[in-house]
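Only one structure is covered here, and it is reproduced in the block below.
The values are calculated or read from the model by the stated rules, or taken from the named source; none is laboratory data. From a predicted model like this one, the values you see are computed outputs, not experimental measurements. For neighbour counting, all protein chains shown are included, and Cβ atoms are generated from backbone atoms with ideal geometry for every residue, glycine included.
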Amino acid sequence: MTRRILIAGNWKINTRSAAAASLAKGVVEAVGKSPAVEIALCPPSVYLSTVSEVTAGTPVELGAQNLYAAEDGAFTGEVNAAMLTDVGCQFVILGHSERRQLMGETDACVSKKLHAALAGNLTPIVCVGETLEQREADETESVIETQIRGSLEGLDEARAAGIVIAYEPVWAIGTGKVASKEQAEAVHAFIRDLLGKMFTPGVAEQIRIQYGGSVKPGNAAELLSQPNIDGALVGGASLKAEDFAGIINAAPAS
Ligand code: PEP
């Protein structure tokens, strides 16, 4: 089964409107008309429309960094799935470790958002990952299993195949400490096996599992060539078109 590699750039709260447009233009120009892999940019929500104007009609897709799991109504400051699709999003990142740690998002909260995303025709990129303390205490697999079972609560087989999981060890995010290809592949293989038990092995084979955590042009090729690594969620290196393009170009054709 061939899973198409997905490289997504998580801009977090970086750029301003002019910089967002220019970064998006740089990526569009660098990747050309028919890139070998799927590519998405996830700018801050206030710049989604700005980036969408640049990426419309190109192979570069758009993603949001979060959503609020409710229909229109009295939820001051929030943005829902319908708004994200309205401005051109195909993807939404959910449960990023920064949101789990800084905003107190729980697995139950991620699960609500997952269902809202799917109901709104967005592809959720569900982030999971262990802290350094958890890895050192040999808890990586149990932490990941709890996060995945909780975040995917209530998801049926038919919809599961279309979601994306991002394995992002917390100790590797923004630290320059990348997981070795062996460390990353071992966790990805564990996740696929778990998904096979939760759904079916056939469904698990279809679910894309990205790696995230200090991915750079220089380490992307070895990570992306692992059998269970189906793409990258890129933070810092997605803020320079040249570096992001370097990661895209390092991916094996899928
Ligand atoms: C991220 O924030 O999802 C991420 C992986 O960041 P970085 O690439 O900077 O480690």
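For the stretch 223-236, the count of residues that are crowded, with 19+ Cβ neighbours inside 10 Å, touching a residue at least 12 places away in the same chain (Cβ under 8 Å), assigned to a strand (DSSP E or B) and touching a His at 6+ places or on another chain (Cβ under 6 Å) is zero. When Leu122 is tested against the conditions (1) touching a Ser or Thr at 6+ places or on another chain (Cβ under 7 Å); (2) within 23 Å of Gly202 (Cβ to Cβ); (3) surrounded by 14 or more Cβ atoms within 10 Å (Cβ to Cβ), the lone failure is (2).
Of the helices (runs of 4 or more DSSP H) lying entirely inside the stretch 28-107, those containing at least 3 residues that are free of Cβ contacts under 8 Å to residues at least 60 places away in the same chain and touching a Gly at 6+ places or on another chain (Cβ under 8 Å) span 48-55, 81-86.
Looking at this structure, is Lys181 touching a residue at least 24 places away in the same chain (Cβ under 8 Å) and either in contact with a strand residue (DSSP E or B) (Cβ under 7 Å, 6 or more places away or on another chain) or within 13 Å of the ligand (Cβ to nearest atom) (or both)? Spelling it out, it is not the case that Lys181 is touching a residue at least 24 places away in the same chain (Cβ under 8 Å) and either in contact with a strand residue (DSSP E or B) (Cβ under 7 Å, 6 or more places away or on another chain) or within 13 Å of the ligand (Cβ to nearest atom) (or both). A search for C-beta distances below 6 Å between a residue of the stretch 130-151 that is closer than 20 Å to Ile207 by Cα and any residue that is acidic (Asp, Glu), counting only pairs 6+ apart in sequence or on different chains, returns Val143/Glu130; Gln147/Asp107; Gly150/Asp107; Ser151/Asp107. Restricting Val187, Val178, Val143, Val110 to those that are part of a loop (DSSP other than H, G, I, E, B) and β-branched (Val, Ile, Thr) reduces the list to Val178.
Considering each residue of the stretch 124-157, count those that are more than 16 Å from the ligand (Cβ to nearest atom), of a type in the set (Ser, Thr, Tyr) and within 26 Å of Asp86 (Cα to Cα), and give that number. The total comes to 0. The numbered conditions (1) over 19 Å from the mean Cα position of the chain (by Cα); (2) loosely packed, with under 15 Cβ neighbours inside 10 Å; (3) closer than 26 Å to Leu224 by Cα are all true for Pro59 except (1).
Step by step: first the residues of the stretch 187-239, then only those that are of a type in the set (Asp, Glu) and more than 16 Å from the ligand (Cβ to nearest atom), then the one that is nearest to the chain's Cα centre (by Cα). Which residue is that?
The extreme case among them is Glu205.
Among the residues here, Ala160 qualifies as modelled with pLDDT of 95 or more, within 17 Å of the chain's Cα centre (by Cα) and more than 16 Å from the ligand (Cβ to nearest atom).
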